[in-house]
1. Using the Cα gyration tensor of region 146-203, with a ≥ b ≥ c the square roots of its eigenvalues, what is the shape: rounded (a/c below 1.5), prolate (a/b larger than b/c) or oblate (neither)?
2. Net charge near VAL243: determine it from the other residues with C-beta under 12 Å of the C-beta of VAL243, scoring Lys and Arg +1 and Asp and Glu -1.
3. With 16 Å as the cut-off, how large is the P(r) tail for region 35-120, expressed as percent of Cα-Cα pairs?
4. Treat the count of other C-beta atoms within 10 Å as a stand-in for reagent exposure and order ILE195, ILE310 from fewest to most.
5. Neighbour counts of other C-beta atoms within 10 Å: give me CYS387, CYS140 arranged from fewest to most.
6. Please report the antiparallel percentage of the DSSP beta bridges confined to region 204-331, to the nearest 5.
7. Against the longest alpha carbon principal axis of the chain, how many degrees, from 0 to 90 and to the nearest 10, is the axis of helix 256-266 turned?
8. Hey, could you grab the Kirkwood Rh for region 75-180? Inverse mean 1/r over distinct alpha carbon pairs, Å, one decimal.
Amino acid sequence: MSTPFTEPRTVLANATVVRPSGMVEAGRVTVEDGRIAAGLRDETDSAPVLDLTGHWVLPGFVDLHAHGGGGASFSAGTVDEALRVIETHRAHGTTTMVASTVTGELGDLAAQAGVLADLAEQGELAGVHFEGPFIARNRCGAHQPSLLRDPDPSDVRKLLDAARGTARMVTLAPELPGGLDSVRLLRETGVIAAIGHTDADYETTRLAVDAGATVATHLFNAMPPLAHRSPGPVAALLEDERVTVELIDDGVHLHPAALRLAFGTAGPDRVALITDAMGAAGMGDGTYPLGPLTVEVTEGVARLQDVGTIAGSTLTLDRAFRRAVTVDGIPVPDAVRALSATPARLLGLDDRTGSIEEGKDADLVVLDGGFRVVGVMRRGAWVVRPCP
């Protein structure tokens with residue numbers, strides 16, 4: 001990974017700055033020693049000023065759920081591929097990322113977790129998310145059916161141990177044997193239990209939330225649809241204040257009305273926009289691996305090669321933000337919260353990142369007037385430096 005350019009102190013001036021209190025026109029952000037500092041200047045302050053008139057400054061994006069990008073995958077189990085994924089998404093504004101795996105043999109997943117744990121301990125990742133193998137066969141999506149297994153707590157524990165304290169989330173189907181016990185285990189160990197790839201009904205979903213589940217993995221996708229006599233997991237997850245719902249806003253996984261329904265019901269403090277990206281994110285059409293499966297990407301849509309099932313996305317979070325505000329009509333402050341503050345809080349990182357506040361890491365995204373990334377700063381270092 002290339003070494004970012006760091007300045008000891010700099011001022012980003014004259015942009016529209018999105019802070020927790022709202023949008024500040026002609027605002028300024030002062031960065032010093034990798035953190036957001038007080039914005040006051042006097043005649044002795046020689047810090048360089050970057051004039052960002054006509055631009056936006058947002059907090060760095062936080063992605064809870066991504067499998068790959070830049071032609072690489074976290075499931076490859078190598079440092080080089082993992083760093084390529086990280087670098088690709090950072091260039092699009094994701095300054096904090098959780099690495100998601102794909103269903104595989106437990107031994108293979110444990111080996112992948114060991115590699116990803118090293119990167120988490122080095123500060124390159126925020127942790128590991130195991131998506132599968134503890135999911136429902138009928139809702140497996142782009143996961144290999146022959147590798148699925150029930151969520152036996154002892155197997156869940158093996159993966160947590162392999163991640164050496166860096167596991168942040170496990171997606172499972174709570175209706176399977178051992179599901180509720182595994183949710184309780186995750187709660188006790190401080191790991192997020194996420195409900196997804198599930199055939200659970202409304203009642204079972206409520207039991208899982210009572211047991212400690214706090215996230216809906218890509219709500220609506222890979223679960224029974226909302227119906228008026230059989231509300232299923234969607235209603236249970238949307239209505240419960242304890243649950244944060246992931247949404248993939250790429251124009252493929254969700255109709256805009258479904259996304260607006262989720263935002264309107266849960267609110268931006270309970271919505272986390274994610275990518276669920278696979279290796280084609282940041283790349284072009286073609287053939288890519290997704291775990292043991294092969295994905296064909298055509299016109300930016302990823303599908304399993306033989307059966308046509310949607311297989312993750314080619315999304316980056318800057319595109320998710322742009323679509324949310326320009327297509328779905330989500331107010332900018334709400335979209336920013338769903339991309340930054342809400343997932344940061346869920347990960348327990350909101351004391352360091354997720355919003356533009358004094359003392360937090362200088363994780364920042366600079367967008368032009370069309371909401372396109374022109375600058376990315378992570379911990380005070382420019383990953384992408386805006387042109388003067």
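1. Working: a/c = 1.92, a/b = 1.48, b/c = 1.29.
Since a/c reaches 1.5 and a/b is larger than b/c, the shape of region 146-203 is classed as prolate.
2. Details: positive: ARG206, ARG242, ARG270; negative: ASP210, GLU239, ASP240, GLU241, GLU246, ASP269.
Net of charged neighbours comes to -3.
3. Working: 2277 of 3655 pairs.
Distances greater than 16 Å cover 62 percent of the Cα pairs.
4. On the way: ILE195 29, ILE310 19.
Going from least to most buried by this count: ILE310, ILE195.
5. Details: CYS387 5, CYS140 19.
By the 10 Å Cβ count, ascending: CYS387, CYS140.
6. Working: 10 of 17 bridges.
DSSP beta bridges in region 204-331 are roughly 60 percent antiparallel.
7. That helix lies at roughly 90 degrees to the long axis.
8. On the way: mean 1/r = 0.0711 Å⁻¹.
In region 75-180 this quantity evaluates to 14.1 Å.
Here, each number is a calculation from the coordinates, and none is a lab measurement. Here the structure is a predicted model, which is why all the values come from computation and not from measurement. FYI the Cβ positions are ideal-geometry reconstructions off the backbone, even for glycines, and counts take in every protein chain you see.
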